[in-house]
Amino acid sequence: MKTNIKKQLKNLAIIALIAIVASCKKDKDMMEKFESFEWDAQTGSDETAPMRIFYGKFIMSDGSTGFIPSGDYLNGNWGSSGSGSMSVGEDRKKVPDSLKIVWFSYAENKFFEGHFQLPQKKMYDIFKKDYGTYKTPDGENNKSTFNTLLLAIAPQGMITLWMQGAGSIEIGTYQAKETFDIDWDSFSKNPNRYEAVKDYQKDMPVFVQDEILKGKISNQYFKNRQQRYHYTIGTNKKDFTIIDYNVDFINNEVISKTTTGLEFLTDTTKGKAIPEVIFMLIKGPFYHNLEVRIWVDLLDGKTTTENDEIQNPLEKRAFNNQLMERFKTFFEQNKDVQLYIKFDDKIVKSNIKNPVYSGKVCLKSATAEMEIPNSKVEVYDEEKL
């Protein structure tokens, strides 16, 4: 009898525990759907593939909507805003669970539309996380947050969403479909579609005009920039400890210790895009910590300053293709790869007026090592910057 009572009490305790866990999960699910944060929407496209959004909205779990900036001619840099920001309703808004959008592609002379489910939980977790504070130029402490949803459009119906603020994190890429349901007169003031489109196309880069004539407008270049590889990041100096970092990637992500922690450097499970520029703060056998500025690659014949300021869209594409090809070739033949900063045996420190290069960037595996020939490494005393 006593055994049965104990068994029943144990079962009741288990049921109660399950109910508590389920209730907690339900509460968290409700928070993901209905907790509000401060954020705005921005949009952009590349100068090699200009777009104009006809209509767009974020849709929340409760059915409310927030409109996406529309009407601007978007022709900047893919992954950067070309519309400015637009406050979507109230200052504080819920996390959207889907996106509905229609746009026109001038290089392709096509309308595209799509309705996409968004990873609401992932976005909620990014909004919710504590990223600490930063000092303003006035000396005030401001809270670091993610406060922008950036949509960038590429040819053939490709649209990518990033969350930006404390860093930049790629959320997802979605595939829209061509639509023939949009009335041209409701989109453009010029009733002659052929004339209107040709007028825009004549101002596009020459190589894009050539692609239009040959029917070769493609999103492959943008897809290639999103390629991820599994590798760690480190240095060749055993007495160097990386205590802070910031990495700008070719897919427009910006990852730092603030957003992702030091474990990001050694993680190989999630994959990383190809880095362009890396900043590191290193503790070593020196009186001061070292700040290291790293250009992973430069376009052949360019200085660091010239590479940072490339304006020609064909040169920009050539640089990115050069860097992507180096990584693709090495990873096709190697696994368990580390990207590491190969400091010179004797490190010569730079100053702002006289930068000195003190190393190279390398990719290495257990069986091979490749030095990226145009990489540059500058080392500074932290307090002298």
Condition first: free of Cβ contacts under 8 Å to residues at least 12 places away in the same chain and not charged (D, E, K, R). Now tell me which residues in the range 332-363 satisfy that. Asn354
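Every residue in the range 357-385 that is of a type in the set (A, V, I, L, M, F, W, C), exposed (fewer than 14 other Cβ atoms within 10 Å of the Cβ) and within 18 Å of Phe286 (Cα to Cα), please. Full working, then the answer.
From the range 357-385, those of a type in the set (A, V, I, L, M, F, W, C) are 361-363, 366, 368, 370, 372, 377, 379, 385; that's our starting set.
Imposing the further condition that a residue be exposed (fewer than 14 other Cβ atoms within 10 Å of the Cβ) reduces the set to 366, 368, 385.
Correct list: Leu385 only.
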Quick test of your reading of the structure: Asp239 fulfils all but one of (1) closer than 21 Å to Glu170 by Cα; (2) in a loop (DSSP other than H, G, I, E, B); (3) of a type outside the set (Lys, Arg). Name the failing condition by number. (1)
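Residues Leu262, Leu281, Leu299, Leu314: which one is among the aliphatic types (A, V, I, L, M), touching a Pro at 6+ places or on another chain (Cβ under 8 Å) and either on the phi > 0 side of the Ramachandran plot or surrounded by fewer than 19 Cβ atoms within 10 Å (Cβ to Cβ) (or both)?
Working: Leu262 fails: touching a Pro at 6+ places or on another chain (Cβ under 8 Å); Leu281 fails: touching a Pro at 6+ places or on another chain (Cβ under 8 Å); Leu299 fails: touching a Pro at 6+ places or on another chain (Cβ under 8 Å).
Just a single option satisfies the conditions, and that option is Leu314.
Do we have any residue at all in the range 191-207 that's over 26 Å from Asn109 (Cβ atoms) and in the same structural domain as Gly82 (by TED's automatic domain parsing)? If you could, list the steps in order and put the result at the bottom.
First pass over the range 191-207, keeping only residues over 26 Å from Asn109 (Cβ atoms): none.
Checking the range 191-207: not a single residue is over 26 Å from Asn109 (Cβ atoms) and in the same structural domain as Gly82 (by TED's automatic domain parsing).
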Condition broken by Asp130, with the remaining ones in (1) surrounded by fewer than 15 Cβ atoms within 10 Å (Cβ to Cβ); (2) more than 24 Å from Glu170 (Cβ to Cβ) satisfied: (2)
Please go through the range 273-327 and give me each residue that is touching a strand residue (DSSP E or B) at 6+ places or on another chain (Cβ under 9 Å) and among the small types (Gly, Ala, Ser), ordered by number. Ala273, Gly284
Output the helices (runs of 4 or more DSSP H) that fall wholly within the range 148-218 and possess 3 or more residues being without any contact (Cβ under 8 Å) to a residue 40 or more places away in the chain and either charged (D, E, K, R) or touching a helix residue (DSSP H, G or I) at 6+ places or on another chain (Cβ under 6 Å) (or both), or say none. 193-201
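Here are Asp244, Asp267: which of them is touching a Leu at 6+ places or on another chain (Cβ under 7 Å) and among the acidic types (Asp, Glu)? I'd like the intermediate steps shown before the answer.
On the way: Asp267 fails: touching a Leu at 6+ places or on another chain (Cβ under 7 Å).
Unique residue meeting the criteria: Asp244.
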Please state which one of Thr232, Thr259 is out of contact with any strand residue (DSSP E or B) (no Cβ under 6 Å at 6 or more places or on another chain), at pLDDT 95 or above and either part of a strand (DSSP E or B) or not assigned by TED's automatic domain parsing to the domain that holds Glu47 (or both). Thr259
Kindly state which strands (runs of 3 or more DSSP E) lie completely within the range 273-385 and contain at least 3 residues that are closer than 21 Å to Ile255 by Cβ. 275-283, 290-295, 337-343, 359-364, 376-381
Taking the range 39-68 and keeping only residues that are of a type in the set (Gly, Ala, Ser) and over 24 Å from Glu178 (Cα atoms), one is left with Ser61, Gly63, Ser64
Selection status of Phe67, crowded, with 20+ Cβ neighbours inside 10 Å and assigned by TED's automatic domain parsing to the domain that holds Tyr194: no
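The values are calculated or read from the model by the stated rules, or taken from the named source; none is laboratory data. Since this is a predicted model, take the numbers as computed values, not measurements. Note that each Cβ is placed from the backbone with ideal geometry, even for glycine, and that neighbours are counted across all protein chains shown.
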